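Report on the structure given below.
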Amino acid sequence: MTELFNWESLLAEKVYAHFPEAEEKPVIGITGNYADLNCKLAEGYYKSVMKAGGVPIVIPPLADTDVIINTLNHIDGLILSGGADYDPRYAGEEPEPKLGEINEERDLPELFITRLAYNRQLPILGICRGIQTLAMALGGRVKQDITDISTINHSQEEDRHQATHTVTIEEGSILSKLYSQPAIHVNSLHHQAVCHPGERFHVTAKSEDGIIEAMESSEFKSIMGVQWHPECLEDGLPIFEWLIKEAATFRKVDDLQRSIITIDSHCDTPMFFPQEVDFGKRDDRILVDLHKMDEGHLAASMMVAYIPQTMTKGQKEMADNIFDKIGEIVKEHKHAIGLAKSTVDLVANFGAGKKSIMLGIENGAALEGKIENLRHFANRGIVYMTLCHNGDNDICDSAKGEGTHNGISEFGKEVVKEMNRLGVMVDMSHASEKSFYDAIQLSEYPIICSHSSCRALCDHPRNLTDDQMRALAEKGGVMQVTLYNGFLRTDGKATIEDFMNHLEHAIEVMGIDHVGIGTDFDGDGGVPGVANAAELSQVTRRLLDRGYSYDDIQKIWAMNIIRVMMEVQNAKA
């Protein structure tokens, strides 16, 4: 028997001769083509993935969402492969006479898998038809036939391994970093093409006749589409190596995000309850729901009853109605979510695989000037109360107020003392500097700022000065950096990078033990890169990129505010 056919000897030599049996590599799902009752895939795709250091698997064209979700849960990256044209009716258009052959077996499954992979932050590479898939699924537009506007041949007769035309690459793009040159030679086999990338993408390469040949995420996601076939070109490997690198990072981030408790200390989603939103559905009207919490691996959301400054009566009833609605949500989805009134509840829910909602009040006007109402809300399970909002109230002066009390009022002093006794955290976001320093002195226990950022980087009265931040840390408290545009940049054009700069500045000033995250989602919080709860893992990715340890990331996401909560709640009379 020749050595080639002695397969057991080959197995022993290549596998069993060492341990571990195989190096762990990123798993890349590749959407399969379909023809003649067969799922097909050109060899260039899976061989390129293997050469780049990944493990390829073929995804059949099935529109079964259970199959798709289970597939996405077991891969680290996605390639949308080439093939026939898209049926324009999925874009609300009627077919034009020059429309080519369509493949109805593929269209719906690939639209589904692209949107779901996007929601889960998976790295995605779209090739040929795949770039069109990205546009069709994520808000762009595809022109059915480009022959009337193109001046070069986009459907070459030459072999696919032959590059037939040139594309110009945008400076600073992923492609420009991969190839280090302003233009590259590519192959091309299409007559549909992306004509508008949509808001989620920006164009990064064009052919000489202006046809879009590549696009990349404009939301700081690991998504790229190219109109040509890099799997057939000698210099196409860098694109696959980029995907494999991004996929490896995704797996590391995803595993970490799943393993730790993550807390968003300020969420205004209850403001949307009157619109009859369904928390169990993925509702585009809100930034936090069960689907987005699951996709972003958010363990707990501190949802507040926001009381408008303009209200003069009915504030307590409004807060109670919000908490009643949260109770209904928890009851309806008890298999997936639980109310957490304490750190013990929080940990128990996490261990049971459930999300947590924790209650808070934004604006002490909810007390209606009665200390007994504070006891009522403490019994309902609030974990903190923001003493004021955008205006002075009977408790304290606001950062946007008129200095009515010169800090915390006499009633406010009673409120702080009672919050200490009841185990409710004192939150000084929105407060004036004098009110803030009064609370530092009055409270026996650490206080928090549930959603504030750094005034040194964005001069806004709602932000904390470095001196305030140091005083907060000395007291043992925490500052939860927020995603509100206007608190990150004075021009309101913030991105995730601005948020990270505020987070790191706070860490530099206060130390790693005193900083966390309070998004202000659905209270106008959210920036490109982390626009809703599904994208919170992007923060973890950047923390890892910047060298923060596992323990550091745990502290930022939850352990710091848990420490304060435990100290305050354990001191409860």
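Things worth noting here:
- 14 Å beta-carbon shell around R542, net charge (K/R +1, D/E -1): -4
- Of all DSSP beta bridges confined to the chain, the antiparallel ones make up roughly 35%.
- Exceedance of the 31 Å cut-off in Cα-Cα distance is limited, within the set K40/K143; K51/K292; K292/K313; K354/K417; K47/K354, to K51/K292; K292/K313; K354/K417; K47/K354.
- The candidates D459, D255, D427, arranged from most to least accessible area with a 1.4 Å probe in the full protein assembly, appear as D459, D255, D427.
- Here the chain has 49 percent of its accessible surface on carbon and sulfur atoms, given a 1.4 Å probe and all protein chains in place.
- Compared with the dominant principal axis of the Cα atoms in the chain, helix 560-570 is inclined by about 30°.
- Net charge in the neighbourhood of Q227 (other residues with Cβ under 11 Å of its Cβ; Lys, Arg +1, Asp, Glu -1) is +1.
- Rg over Rh, two decimals, the range 49-139 (C-alpha only, Kirkwood Rh): 0.98
- Label reach from E93 (point 7 Å along Cα→C-beta): in the range 161-197, amide nitrogens under 11 Å belong to 192-196.
- Helix 496-510 axis, angle to the chain major axis (alpha carbon atoms, nearest 10°): 40 degrees
- Across the chain, Cα-Cα distances exceeding 35 Å account for 45% of all pairs.
- Accessible area per residue for the chain, computed on protein heavy atoms with a 1.4 Å probe, is 42 Å².
- Debye, to nearest 20: dipole size of the chain, +1 on Lys, Arg Cβ, -1 on Asp, Glu Cβ: 1600 debye
- Cα-based equivalent ellipsoid, the range 209-311: semi-axes from gyration tensor eigenvalues, Å: 40, 19, 11
- Compared with the dominant principal axis of the Cα atoms in the chain, helix 433-442 is inclined by about 70°.
- Residue-count net charge about G407 - beta-carbon cut-off 12 Å; Lys, Arg +1, Asp, Glu -1: -3
- This model, with +1 at the C-beta of Lys and Arg and -1 at the C-beta of Asp and Glu, gives the range 521-573 a dipole about its Cα centre of some 180 debye.
- Once divided by 2.2 N^0.38 Å, the Cα radius of gyration of the range 500-573 becomes 1.21.
- With the highest mean first, a sort of the peptides 212-222, 165-175 on other beta-carbon atoms found within 10 angstrom per residue produces 212-222, 165-175.
- Accessible-area ranking of W7, W242, W228, largest first, probe 1.4 Å: W7, W242, W228
- Only the Cβ atoms of Lys and Arg (+1) and of Asp and Glu (-1) were treated as charged; on that basis the dipole of the range 379-429 about its Cα centre amounts to roughly 260 debye.
- Selection from S443, C458, H405 lying farthest towards where the dipole of the range 385-480 points positive, charges on Cβ: C458
The values are calculated or read from the model by the stated rules, or taken from the named source; none is laboratory data. Note that the structure is predicted; figures quoted are calculated from it, not measured. Using ideal geometry, Cβ is built from the backbone for each residue, glycine included, and neighbour counts are taken over all protein chains shown. These area figures cover heavy atoms from the full protein model, side chains too; ligands, DNA and RNA do not enter into them. Shrake-Rupley method; radii C 1.70, N 1.55, O 1.52, S 1.80 Å.
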